[in-house]
Amino acid sequence: MRLPRIFPRPTSEHGIWSWVSTVDHKRIGTLYAVTSFLWFLVGGVEALLMRLQLSQADSTLIDPETFNQLFTMHGTTMVFLVVMPLSAAFFNWLVPLQIGARDVAFPRLNALSYWIFLFGSLFLNFSWVVGDAPNGGWFGYAPNSHVAYNPTDGMTYWVIGLNILGVASIAAGLNFIVTILNMRAPGMTLTKMPVFTWMTFVTSVLIVLALPVLTVALIQLQVDRLYGTNFYNSAAGGDPVLWQHVFWLFGHPEVYILILPAMGIVSEILPVFSRKPLFGYSFLVFAGVAIGFMGWFVWSHHMFTVGLGPAANSAFAISTMAIAIPTGVKIFNWLGTMWGGSIRFSTAMLFAISFIAMFTIGGLSGVMHASVPTDAQQQDTYFVVAHFHYVLFGGAIMAIFGGIYFWWPKATGYMLSEGWGKANWLIMLIGFNLQFAPQHWLGLDGMPRRVFTYAENMGWENTNMYASAGGFLMALGVLLFIINVFYSARKRVPAGDDPWDGRTLEWTMSSPPPHYNFATIPVVEHRDDFWFKKYPETIAEYYHDDHAGELTAPSGAQFDDDVDMAEDEHAEAHASDHHGDDDHGHGDIHLPDMSYYPFILALGLTIVGAGLMTIIPVIIIGTIVLLWGLIGWSMEPVNDPAPDGAAHGH
């Protein structure tokens, strides 16, 4: 039994409807990447407008209310609409390829997570269109976000928008946990997984555990604003400090949700361009797990000035210092990987090295805030702004750009220009440091954050001018990246299947990969299995002698890449791009058909959210669309029956 279809199920891999209905993890990764990069540009414009306002003392370019909206939406955009979904783009593209799977565990749930993210982000930014953007900071502190002090709809857009986005994140996190635990290739034990896949797993666990905490806080704030409850109203017995506790209980694991994928990206780039295995693999993986665990015990270092008392402040100061230990382990692992290697300074490698340097600076300034007296002096100053931008832009964004240059040839089949790429890297790095290094000095000199102007006699004008110039220099660097994308797309220099002499399974297949990924599921014998199949003579060199016998190929094993290539070509010759199969055979490749229902379900959820702000009929319409998507999904077969006489390839 199934619901009557208003739209026929698409079968063509071309055209806009093939993207709307896709369940292919690679296409969904591309959708995440393009959408989040567009929001990156929006967030960058918001930042540049703030820098224009602050470049001169007593500026009147932007009024205070608009400035509040800009810094609120800039922070929200960069955290929830840029770094998180850009990481999700890498998760989607790479995890199945790295573990030897043909797709994620739940392809339609994967599509649903993207469409909810898209509609949630559009809903959040629709507030700009109606002239009522959120203005209470990306952290939404109560009671400032309470309706008594913030009566417009801006913060309601923020609350409902983040709740919609949270559904997308949790769905994606659950999907990748199940995929990594259950769909690894034969022989790929947990200790043979690539570090990027490990960091995806840890990040996904954090998402599944942390986002519900934020959801609870947002629902409480939402009913406070819409229905007059008093969770955060101190006059009626509520507690505004409760919001800070709950928000930062989410917020500090969130920091590691943002940075752990970047650490995974860098851990893949460095060994390839150092031509060495990753130094201290087990320690580096354990450090990532330890960071994910310890991240739950440091939230109140955001609240040292709240007045929690010496016992609580001391406990969180110690935990904040302690979490620097596994972070330091990772940094020394990365340095040890490069030490003695035959380093090739590609664009991806330069971004990865920049990540280490910038993240180390941000980490050191973070450890400074583990000291309660120091934190009390720097609280809510530009020193804190400099700190977290060194972590999130100098760290996460630098690593993400490195990952783009590293895996672009695999995704597209052609190279990005190294000349344009290195110009992109250099301009971004100089501009970044010019913008944010001076903000340390501004903070130490007492300039508070989140102020829309300052008096001329404060002596901050020149430093702010330098910072603003750095912001526009970074924007030029991003423009060079965009030029590189279009230039390289026009030149289309073929990449080959393994342009970097890679180590992991994604480099074993064609560039770009076929729809089905692997014609035959690989059997993994070693960590960095592809490397050792190319260079079996290096096995004994990189493993202890007592294990060398275990790790050499069993008798009769074939290390000839031509065999794998022949299998892939044979599969491609007998498989359609959409189905991974046709009437010529390969019936063992089972992939789900396209589906509109994830799109419909996500649309219905968003309409319901909009209805909470408007009138009951909108909620009813949204519920009908949501139920249509949900029931249709549950009754739709994963694959439609094949025509009579035809072999179905799914």
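Calculate what fraction, in whole %, of the accessible area of the chain sits on carbon and sulfur atoms when a 1.4 Å probe is rolled over the protein chains.
Of all accessible area on the chain, carbon and sulfur atoms account for 68 percent.
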Among G292, G609, L480, whose Cα lies farthest out toward the positive end of the dipole of the chain, if unit charges sit on the beta carbon of Lys, Arg (+1) and Asp, Glu (-1)? G609
At A455 and T11, where each label point lies 7 Å from the Cα along Cα→Cβ, what is the point-to-point distance in nanometres? 7.6 nm
Given R₀ = 22 Å, FRET efficiency for S18-D640 by Cβ-Cβ distance, to 0.05? 0.90
Which one, V367, G238, V159, is farthest towards the positive end of the dipole of the chain when Lys and Arg carry +1 and Asp and Glu -1 on their Cβ? G238
Region 581-639 accessible area per residue, 1.4 Å probe, protein heavy atoms, integer Å², reads 46 Å²
If you average the sequence gap of Cα pairs under 8 Å that are 6 or more apart and divide by the length of region 338-448, what percent do you get for the contact order? 42 percent
With label points set 7 Å from each Cα along the Cα-to-Cβ direction at L38 and A376, the distance between them in nm comes to 4.9 nm
In a shell of Cβ-Cβ distance under 15 Å around R225, excluding R225 itself, what net charge do Lys and Arg (+1) and Asp and Glu (-1) give? -3
If the chain between V367 and Y535 were fully extended at 0.36 nm per residue, the gain over the current Cα-Cα distance would be 56.2 nm
Average projected area [Cα convex hull, region 581-639], square nanometres: 4.4 nm²
For region 86-196: accessible area per residue (Å², 1.4 Å): 28 Å²
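Restricting to Cα pairs below 8 Å that are 6+ residues apart, what does the relative contact order work out to for region 26-491? Please round to a whole percent.
17 percent
Looking only at trypsin sites (Lys or Arg not before Pro) in DSSP loops with at most 16 other Cβ atoms within 10 Å, what is the longest site-free stretch of the chain?
By the stated rule (loop sites, at most 16 other Cβ atoms within 10 Å), 6-274.
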Ordering 465-478, 362-375 by per-residue average of other C-beta atoms within 10 angstrom, highest first, gives 465-478, 362-375
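Taking the Cβ of G395 as the centre, find all other residues whose Cβ is under 15 Å away and add up their charges (Lys, Arg: +1; Asp, Glu: -1).
Values: positive: K330; negative: E254.
Neighbourhood net charge equals 0.
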Whole number please: convex hull volume per residue, Cα atoms of the chain, in Å³. 162 Å³
Which FRET efficiency, nearest 0.05, do V129 and D63 yield, Cβ-Cβ r, R0 25 Å? 0.85
Using a cut-off of 13 Å between beta-carbons, work out the net charge of the residues near N150 (Lys and Arg +1, Asp and Glu -1, N150 not included). -3
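The values are calculated or read from the model by the stated rules, or taken from the named source; none is laboratory data. Given the structure is predicted, the values throughout are model-derived calculations rather than measurements. All Cβ positions, glycine included, derive from the backbone under ideal geometry; neighbour counts span all protein chains shown. For accessibility, only protein heavy atoms count, side chains too; no ligands or nucleic acids. Shrake-Rupley method; radii C 1.70, N 1.55, O 1.52, S 1.80 Å.
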